Amino acid sequence: MTTSAATKTVLITGASSGIGEATARRLAAQGHRVLLGARRTERLAALAKELRHGGAPAAHRELDVTSLDSVQAFAAAAIEEFGRIDVLVNNAGVMPLSPIADLRIAEWEQMIDVNLRGVLFGIAAVLPQMRRQGGGHIVNVSSVSGHRVDPTAAVYSATKFAVAALSEGLRQESRDVRVTVVSPGFTRSELTDRGGSAEARAAARAAAEQLAIPASAIADAIAFAIDQPANVDVNELVVRPTAQG
Ligand code: NDP
């Protein structure tokens, strides 16, 4: 572990796998204090324990980003554990892909609840504390699908375009809080393990197997944005496999 002078308290949603887990490892290795949140608490507990063994201050809490109460309790836990909130990485996300005509309405609602409402709840839970502290940083994990639309990904894209819009609005309204959107392309994770139509899931998996970059590549981008000086706001990073069209 290398400890820099600017160690921060970082809250990470969706830290139980994929990009969130890799981000927790990356930031903890730099000496940042991390609070890990997700629903699969046994995974979080194991990861937090491993990070603590490596010398990093790490804690975890059960978190469901679709519940404002749960997200507010997560923010309160950061204050309780570490006394402040410097960075929120709004990473939790779901991607059950399917054509609109399939009318998988429960999955549309889930994407809106996790990918969009969850990000808004995260902002609501930490912004007052960041303003009290006179600074902070919100990192929203969007997607290449926040820049382009593809068949079977219309609703997913809609949530990610919305994250880009609200991030830009928050940035314009903020003079003390930095706002970063990180947009990954195909990245190795568990994102295609759940939900969506069988055909769409198989196609996404095949593409990911062929192209995907490690989750650590996205974690590196997030760490880069976090580690800039307070007056430098990296607003957008798109990180995708070189071979992705
Ligand atoms: P994973 O499926 O590996 O990770 C998703 C994380 O979100 C898990 O930790 C999961 O934890 C958490 N999560 C899901 N629902 C909830 C919820 N209701 N409350 C709290 N946590 C929740 O996928 P990725 O690591 O790939 O996904 C991370 C982000 O990256 C997402 O926003 C995704 O859209 C984005 N992304 C990923 C790409 C890729 O190719 N992998 C490409 C572009 C963007 P748990 O189930 O334990 O709650």
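The values are calculated or read from the model by the stated rules, or taken from the named source; none is laboratory data. As the structure is a computational prediction, the values presented were derived from the model and not from experiment. Cβ: placed from backbone, ideal geometry, glycine included. Neighbour counts: every protein chain shown. All accessible areas refer to the heavy atoms of the entire protein, side chains included, with ligands and DNA or RNA removed. Shrake-Rupley method; radii C 1.70, N 1.55, O 1.52, S 1.80 Å.
Values as computed for the structure displayed
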| quantity | calculated |
| --- | --- |
| Phi-based couplings in Hz for the range 155-167 (Karplus 6.51, -1.76, 1.60; Gly and Pro marked x) | 6, 4, 4, 4, 5, 6, 4, 5, 4, 5, 5, 6, 5 |
| Phi to ³J(HN,Hα) by Karplus 6.51 cos²θ - 1.76 cosθ + 1.60 over the range 94-105, Hz, x for Gly, Pro | 9, 9, x, 7, 5, x, 4, 4, 6, 6, 7, 5 |
| Span from the the range 176-203 Cα centroid across to the the range 1-67 one, whole angstrom | 19 Å |
| Two-decimal ratio, the range 55-195, of alpha-carbon radius of gyration to 2.2 N^0.38 Å | 1.09 |
| Burial order of peptide ranges 227-235, 148-156 (average beta-carbon count within 10 Å, highest first) | 148-156, 227-235 |
| Between 0 and 90°, nearest 10: helix 118-133 axis offset from the chain longest Cα axis | 20 degrees |
| Accessible surface of the range 9-238 [probe 1.4 Å, protein heavy atoms]: carbon and sulfur percent | 54 percent |
| Per-selection Rg to Rh, the range 1-96 - Cα, Kirkwood hydrodynamic radius | 0.94 |
| Interchain or long-range residues, amide H under 5 Å from S197's placed H | L97, S98 |
| Whole-Å semi-axes of the ellipsoid equivalent to the range 46-93 (Cα gyration tensor, √5λ, descending) | 20, 13, 10 |
| HN-Hα J in Hz across the range 20-33 - Karplus 6.51, -1.76, 1.60, θ = phi - 60°, x for Gly and Pro | x, 5, 5, 5, 4, 4, 5, 6, 5, 5, 8, x, 5, 8 |
| Long-range HN-HN contacts of H60 with modeled amide H, under 5 Å | L36 |
| Hydrodynamic radius (Kirkwood) for the range 173-245, which is based on Cα pairs only, to one decimal in Å | 14.0 Å |
| Relative contact order of the range 69-152, pairs being alpha-carbon contacts under 8 Å that are 6 or more residues apart, as % | 45 percent |
| Average accessible area per residue (Å²) across the range 88-224 - probe 1.4 Å, nucleic acids and ligands excluded | 43 Å² |
| The chain, relative contact order [Cα under 8 Å, separation at least 6], % | 20 percent |
| Convex hull per residue volume in Å³, alpha carbons only, for the chain | 115 Å³ |
| Helical mean residue ellipticity (222 nm; -39500 (n - 2.57) per DSSP H run of 4+; nearest 500) of the chain | -14500 deg cm²/dmol |
| Cα centre as origin, Lys/Arg/Asp/Glu Cβ charges: the range 1-138 dipole, Debye | 520 debye |
| C-alpha long axis of helix 215-226 to longest principal axis of the chain, angle in ° | 50 degrees |
| Residues whose placed amide H lies under 5 Å from that of R39, excluding near-sequence neighbours | L63 |
| Dipole magnitude of the chain about its Cα centre (Cβ charges: Lys, Arg +1; Asp, Glu -1), debye to nearest 20 | 400 debye |
